[in-house]
1. Per residue, how big is the convex hull of region 41-133 when only Cα atoms are used? Give it in Å³.
2. In percent, what relative contact order does region 33-191 have, based on Cα pairs under 8 Å that are 6 or more apart in sequence?
3. I'd like the orientation of helix 170-181 relative to the chain: the angle between its Cα long axis and the longest Cα principal axis, in ° from 0 to 90, rounded to 10.
4. Would you mind finding the longest exposed-site-free stretch of the chain, with exposed chymotrypsin sites (Phe, Trp or Tyr not before Pro) meaning DSSP loop and at most 15 other Cβ atoms within 10 Å?
5. Write down the radius of gyration of region 147-191 and its Dmax, each obtained from C-alpha positions, in Å.
6. Identify which of Thr67, Thr136, Thr92 has the largest mean-square fluctuation in a Gaussian network model of the chain, with springs joining Cα atoms closer than 10 Å.
7. Could you give log10 I(q)/I(0) at q = 0.15 Å⁻¹ for the chain, computed by the Debye formula over C-alpha point scatterers of equal weight, without solvent?
8. Test of understanding: express the Cα radius of gyration of region 1-81 as a ratio to 2.2 N^0.38 Å, with N the residue count.
Amino acid sequence: MVGTPRTPRDRWVEEGLRALAAGGPDAVRVEALAKRLGVTKGGFYGYFADRGALLEAMLETWERESTDEVIDRVEREGGDPRTKIQRAGALTFSNDRLLPIDLAIRDWARRDEAVAERLRRVDARRMALLREMIGTFCADPDEVEARSLMAFAMAIGGHFLDLDHGPRTKAEVRAHAADILLARPRPKPKP
């Protein structure tokens with residue numbers, strides 16, 4: 001008799017991250033995850049002692065993917081510092097996977113000090129990358145810090161703002177703001 005293969009651990013983690021992104025930590029329930037995976041919840045306990053262990057595994061996965069893997073890819077793909085900054089931002093804050101998880105974790109961190117500590121660690125690594133890259137074209141340490149903070153705040157805060165920019169699109173305004181923060185020369189207007 002051949003047994004049914006167990007649902008891999010990473011599928012539980014991935015489904016948990018989807019639930020977190022959609023409904024916050026309260027939406028991460030073992031029974032609901034099992035139902036979405038089309039399995040019984042018994043297999044869950046082969047990997048995790050309890051829901052808390054799953055939540056910890058989810059946070060570890062998010063941290064690894066949004067720091068180590070992003071930084072590795074940015075370095076591997078190369079480019080000048082400005083390109084690297086934009087690539088890191090795009091990988092982290094403008095995709096359909098990491099962005100919703102990141103925003104859900106930010107909300108969760110407001111109520112859970114352990115999650116807040118992990119978020120501070122992740123944000124510190126992100127800021128360190130910004131400081132390093134901006135420092136290659138900006139010599140003033142105070143300006144490096146200010147530009148890094150503004151770039152990071154724009155990357156996160158831009159998802160919460162719904163502003164009217166007059167005749168300009170949101171993309172045009174964000175691109176201009178990025179040009180200012182990254183000290184890029186503005187393209188000449190087309191006649």
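The values are calculated or read from the model by the stated rules, or taken from the named source; none is laboratory data. Computed from a prediction, not measured in an experiment: that's the story for all the values here. Cβ: placed from backbone, ideal geometry, glycine included. Neighbour counts: every protein chain shown. For accessibility, only protein heavy atoms count, side chains too; no ligands or nucleic acids. Shrake-Rupley method; radii C 1.70, N 1.55, O 1.52, S 1.80 Å.
1. Working: hull volume 10.2 nm³, N = 93.
Roughly 109 Å³ of hull volume per residue.
2. Working: 78 pairs, mean separation 25.9, N = 159.
After rounding, I find 16 percent.
3. Orientation of helix 170-181: about 70 degrees from the principal axis.
4. Values: sites that count: Phe137, Phe160.
Result for the longest clean stretch: 1-136.
5. My reading of the Cα-based Rg and Dmax gives 11.6, 35 Å.
6. The residue with the greatest mean-square fluctuation here is Thr136.
7. Log-scaled intensity ratios, in q order: -0.96.
8. Details: Rg = 15.7 Å, N = 81, 2.2 N^0.38 = 11.7 Å.
That ratio works out to 1.35.
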